[in-house]
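What follows draws every value from the coordinates through simple rules; no lab data is involved. From a predicted model like this one, the values you see are computed outputs, not experimental measurements. Cβ placement follows ideal geometry from the backbone for every residue including glycine, while neighbour counts extend to all protein chains displayed.
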Amino acid sequence: MGPFEESLYRVLVWTGFAGAALVFVLLCFVTAPYGRYARQGWGLRINSAIGWVLMELPAVLVFGACFMTQGGPDNATPWVFLILWEIHYVHRTFIFPLRMRSSGKTTPVAVVAMAMGFNTYNGYLNGRYLNVFGNAYPTSWLVDPRFLAGLTLFLFGLIMNVRADQRLRALRRPAEDTYRIPEGGLFRWVSCPNYLGEIVEWAGWALATSSMAGLVFALWTAANLVPRALAHHKWYLEHFAGYPPERKALVPYLF
């Protein structure tokens, strides 16, 4: 990494912290217009499944490209991080949208473009960090308490996210466009365990990498998903008279 890129990288990191705070405030007042909140006025739209692939694809490609520059790191630890990252994003990019039951729903191209921009930024920030600074992780990092705790959170969050998505998908028959009250699993306690799982997952990543790049990503994840979880919870309460009153939006027993 040359002096210019090093300076640029630092600017991007600190911009990321500021951006996460701004996005959180904005999304508390404006719900992103996709899914159940789709509405007119956001311009050209494309099929939701195709849009999802396009949104997530930069995270797979940019992270991998940045990671492999100059042949990639020469010890095992950064490669473990690569595997964890790609497990999540290969699933989110290629498997999840193929199993979506979106019934011909569309997503604004503007939303797709913004997500692609973020995933390009985030893939660069994390991939470049692990490539350039990854050799600073000794192999012994794989048994460091920070790595082990972070890995546990990451895997727990990943499983939580995937299982919640499976329950949501099972609520609909193919080609059906109907919302129902989700039940079972963590849905007994919260409206959005899929979002909780993703927040836990990337908090684990931040701890396991103990990096500024990982922390920026964890904060962006929370900034996006906490307001959306609150919006989902409010939507359920408004649309289902029998919605479980003890259920919280995101964190059991808290909110």
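Report the normalised scattering of region 10-73 as log10 I(q)/I(0) at q = 0.20, 0.27 Å⁻¹, calculated by the Debye formula with identical scatterers on the alpha carbons.
With one equal scatterer per Cα and no solvent, log10 I(q)/I(0) is -1.05, -1.10.
Between TRP189 and THR152, what is the label-point separation in nm under the 7 Å Cα-to-beta-carbon projection?
Computed distance between label sites THR152 and TRP189 equals 1.6 nm.
List the chymotrypsin sites (Phe, Trp or Tyr not before Pro) in region 11-104 that DSSP assigns to loop (not H, G, I, E or B) and whose Cβ has at most 11 other Cβ atoms within 10 Å. Which are they? Let's see the in-between values first.
Numbers: sites: TRP14, PHE17, PHE24, PHE29, TYR34, TYR37, TRP42, TRP52, PHE63, PHE67, TRP79, PHE81, TRP85, TYR89, PHE94; in loops: PHE29, TYR34, TRP42.
Answer in residue order: PHE29.
Please name which of ILE46, TYR9, THR69 has its Cα lying farthest along the dipole of the chain towards the positive end, using unit charges on Cβ (Lys, Arg +1; Asp, Glu -1) and the Cα centre as origin.
Result: ILE46, furthest along the dipole toward the positive end.
Got a sec? How would CYS28, CYS192 order by Cβ neighbour count within 10 Å, fewest to most?
Values: CYS28 13, CYS192 27.
If I rank by nearby Cβ atoms, fewest first, I get CYS28, CYS192.
Most mobile of ALA223, ALA49, ALA21 per a Gaussian network model of the chain (Cα springs, under 10 Å)?
ALA21
State which stretch of the chain is the longest one without any exposed trypsin sites (Lys or Arg not before Pro), exposure meaning a DSSP loop state and at most 13 other Cβ atoms within 10 Å.
Details: sites that count: ARG39, ARG99, ARG180.
With a cap of 13 other Cβ atoms within 10 Å, the longest stretch comes to 100-179.
Viscosity 0.890 mPa s, temperature 25 °C: give me the Stokes-Einstein translational D for region 36-129 in µm²/s, with Rh taken as the Kirkwood radius over C-alpha pairs. Spell out each step's value before the answer.
Details: Rh = 14.3 Å.
This corresponds to a translational diffusion coefficient of 171 µm²/s.
Under the 0.36 nm per residue contour assumption, what length would be gained going from the current alpha-carbon distance of ARG167 and ALA241 to full extension?
Gain in length upon complete extension: 24.5 nm.
Quick one: Debye curve from the C-alpha atoms of region 130-255, no solvent, what's log10 I(q)/I(0) at q = 0.09, 0.16, 0.17, 0.20 Å⁻¹?
So the normalised log intensities are -0.33, -0.81, -0.88, -1.09.
Would you mind ranking TYR253, TYR124, TYR243 by Cβ crowding within 10 Å, fewest neighbours first?
Arranged by neighbour count, lowest to highest, TYR253, TYR124, TYR243 become TYR253, TYR243, TYR124.
Which value at 222 nm does the chain reach when only helices count, each DSSP H run of 4 or more adding -39,500 (n - 2.57), with the total divided by all residues and rounded to the nearest 500 deg cm²/dmol?
-21500 deg cm²/dmol
So if each residue of separation counts as 0.36 nm, and I subtract the Cα-Cα distance between LEU254 and ALA18, what length gain in nm does that give?
Going from the current span to full extension adds 82.3 nm.
How much FRET efficiency would the formula 1/(1 + (r/R0)^6) give for VAL53 and GLU86, where r is the Cβ-Cβ distance and R0 is 22 Å, rounded to 0.05?
0.90
State the Kirkwood hydrodynamic radius of region 3-239 in Å, one decimal place, computed from all pairs of distinct Cα atoms.
18.8 Å
Could you bin all the Cα-Cα distances of region 103-147 into 5 Å bins starting at 0 and give me the percent of pairs in each, rounded to whole numbers?
Whole-percent P(r) values from 0 Å outward: 5, 17, 13, 15, 12, 11, 9, 7, 7, 3.
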